[in-house]
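**Student:** The structure's right below; bear with me while I get my questions together.
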Amino acid sequence: MNAQLSASATAARAHQEMFAYWASLRRGASLPSRVDLHPSGIKRMLPTVSLIDVRRGPDEAIDYRLRLAGTGLYSVYGREITGRTLEDVYNSAAVEYWRRELGKVVTERRPGVGVHSLAWKGSPHMSILWLRLPLASNGRDVDMILGYDAVVGAQAADQHSGIRAA
C-alpha cells in the first residue's frame, strides 16, 4: 500500500511538471500549438507522452488518432499504437470513455485529468493516471492533444517501483 501511495505521489508530481510546462507555452488566453512544444523541455517524460490528432469530419463529428505514442506506452498496450485510432486500440467501453474525456478537452479548451483502469485489457491491478492538454494551431480551436500517462499498479517482477513514468 505504501508503494502504491508513493507511486501515486510521484505521478502527481510528474503531472504538475507537465502541466507547468504546457502552461508556460501559453500566450495569454491563447492555447499553445504543436510547434511550441520542444522535446528538450519534457525530456524526462517523453517515454509516456502522446500526441493525439483531433480530426473533424464534414458533419462536425470528431475522431481521434494517436499521432505519436512514447516508447514506454508499448508495454502498457502490448503493441505499437502510433498512427492508430481509438477503435484500433481500445474495446468499445474504453473507446466511449476516451471519446467523452477527449471531447471535454476539445470543447472546453481546458486540460483533463483522470484515472483509467486497465481492466479492459485484462490488467485490473493497473491504472493509468492520465493528463490531456489542449493544443491549437490557431491558439483557439483544439486540433491536437498532448497526453502524459503514468501507469500505477503491479508491474513485472523486474519493476518494483509500482510506476511506469519516465
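All of the numbers you see were taken from the coordinates with simple rules; none came from a lab. For clarity, every value in this text was computed on a predicted model and none was experimentally measured. Heads up, the Cβs are rebuilt from the backbone with ideal geometry, glycines too, and the neighbour counts pull from every protein chain shown.
**Student:** By how many nm would the segment from VAL35 to ARG109 grow when fully extended, if each residue of separation counts as 0.36 nm and the alpha-carbon distance is taken off? Intermediate values should be presented prior to the final figure.
**Tutor:** Details: separation 74, 0.36 × 74 = 26.64 nm, distance 1.77 nm.
Length gained between VAL35 and ARG109: 24.9 nm.
**Student:** How high is the relative contact order of region 2-153, given as a whole-number percent (alpha carbon pairs under 8 Å, six or more residues apart)? Before the final figure, lay out each step's value.
**Tutor:** On the way: 247 pairs, mean separation 38.2, N = 152.
Averaging sequence separation for qualifying contacts and normalising by length gives 25 percent for region 2-153.
**Student:** Run the simple label-point estimate for SER92 and ARG44 please: 7 Å along Cα→C-beta, distance reported in nm.
**Tutor:** In this crude label model, SER92 to ARG44 measures out at 4.3 nm.
**Student:** Taking a ≥ b ≥ c as the square roots of the eigenvalues of the Cα gyration tensor of region 2-153, is the shape rounded (a/c under 1.5), prolate (a/b larger than b/c) or oblate?
**Tutor:** Oblate.
**Student:** Within the chain, which is the longest segment containing none of the GluC sites (Glu not before Pro) that sit in a DSSP loop and have at most 14 other Cβ atoms within 10 Å?
**Tutor:** Details: sites that count: GLU60, GLU80.
Counting only loop sites that pass the neighbour cut-off, the longest clear stretch is 81-166.
**Student:** For the chain, what does the helix formula give at 222 nm: sum of -39500 (n - 2.57) over DSSP H segments with n ≥ 4, over the residue count, nearest 500 deg cm²/dmol?
**Tutor:** -9000 deg cm²/dmol, from helical runs alone.
**Student:** Would you please classify the overall shape of region 8-48 from the alpha carbon gyration tensor, given that a ≥ b ≥ c denote the square roots of the eigenvalues, rounded means a/c under 1.5, and beyond that prolate means a/b larger than b/c while oblate covers the rest?
**Tutor:** It comes out oblate by the Cα gyration axes.
**Student:** Give, in nm to one decimal, the length gained when the segment between ARG56 and SER117 is fully stretched (0.36 nm per residue of separation minus the Cα-Cα distance).
**Tutor:** Length gained, ARG56 through SER117: 19.2 nm.
**Student:** Most exposed first by the Cβ proxy, i.e. fewest other Cβ within 10 Å, how do LYS43, LYS104 rank?
**Tutor:** LYS43, LYS104
**Student:** Under a 5 Å amide H to amide H cut-off, with H placed in plane at 1.01 Å, what residues pair with THR82 once short-range neighbours are removed?
**Tutor:** The answer is ALA69.
**Student:** While we're here: Just to confirm the number: angle between the C-alpha axis of helix 92-108 and the first principal axis of the chain, 0 to 90 degrees, nearest 10?
**Tutor:** Around 50 degrees separate the two axes.
**Student:** Cα axis of helix 2-24 to longest principal axis of the chain: angle in degrees, 0 to 90, nearest 10?
**Tutor:** For helix 2-24, the angle is close to 20 degrees.
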